[in-house]
Amino acid sequence: MNGGGSSATITTNRRARYDYEILDTVEAGLVLTGTEIKSIRGRRVNLSDSYARPRDGEMWLHNLHIDEYSPAHRNNHDPKRPRKLLLHRAQILDLTRQIDQRGLTIVPLRLYIRKHVAKIELAVARGKKRYDKRRALIEREREREARAAIGSASRR
């Protein structure tokens with residue numbers, strides 16, 4: 001499905017994997033202005049606190065911060081404006097049904113450029129409780145210690 005083109009990751013939302021349990025992912029295009037894509041290529045983007053929400057049969061990405069493109073001066077964009085996501089109608093209906101029925105949310109995981117086009121990887125996710133986050137941290141720490149123990153044993 002990837003079409004053979006390479007993709008360059010611009011930014012990832014590491015906080016999303018900490019705060020949410022990822023259930024499903026989907027790739028979407030973004031409707032952008034010229035100054036926005038130039039800022040994205042310059043890696044002046046912040047995905048944290050952003051989320052997707054359906055409105056009028058379309059999917060919109062909110063709170064994605066794309067810095068203004070400094071050479072554009074007065075022809076710049078609003079850094080936090082809602083941006084339309086490019087998805088098939090069936091995908092939009094499926095995502096809408098999931099978040100309505102099960103109380104889930106849609107968060108972006110990463111923003112990347114594939115074949116000269118900006119794409120965003122969205123995740124259908126369920127918010128983790130505080131104790132889930134602590135459990136995940138403890139499991140990661142145990143795995144790290146086990147790898148270290150195995151590594152030190154193999155060096156002997």
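Sites listed here are trypsin sites (Lys or Arg not before Pro) in segment 29-108 whose DSSP assignment is loop and whose Cβ has at most 16 other Cβ atoms within 10 Å: R43, K80.
The three principal axes of the C-alpha atoms in the chain carry coordinate ranges of 62, 41, 33 Å, sorted with the longest axis first.
For segment 7-128, the residue among Y69, A28, A118 whose Cα projects farthest onto the positive side of the dipole built from Cβ charges is Y69.
Let me spell out the model: positive unit charges on the Cβ of Lys and Arg, negative unit charges on the Cβ of Asp and Glu, origin at the Cα centre of segment 7-128. What dipole size does that give, in debye rounded to 20? Write out the running numbers ahead of the final one.
Details: 23 positive and 14 negative charges, 59 e Å.
With Lys and Arg at +1 and Asp and Glu at -1, about 280 debye.
May I have the count of lysine pairs in segment 7-128 with C-alpha atoms under 17 Å apart, counting pairs 8 or more residues apart or located on different chains?
Details: K38/K80; K38/K115; K38/K119; K84/K119.
Within segment 7-128, the lysine pair count is 4.
Read-outs throughout are calculated quantities, based only on the coordinates presented, and are distinct from any laboratory measurement. Source: prediction; values computed, not measured. No Cβ is skipped: glycine too gets one built from the backbone with ideal geometry, and neighbour counts run over all protein chains shown.
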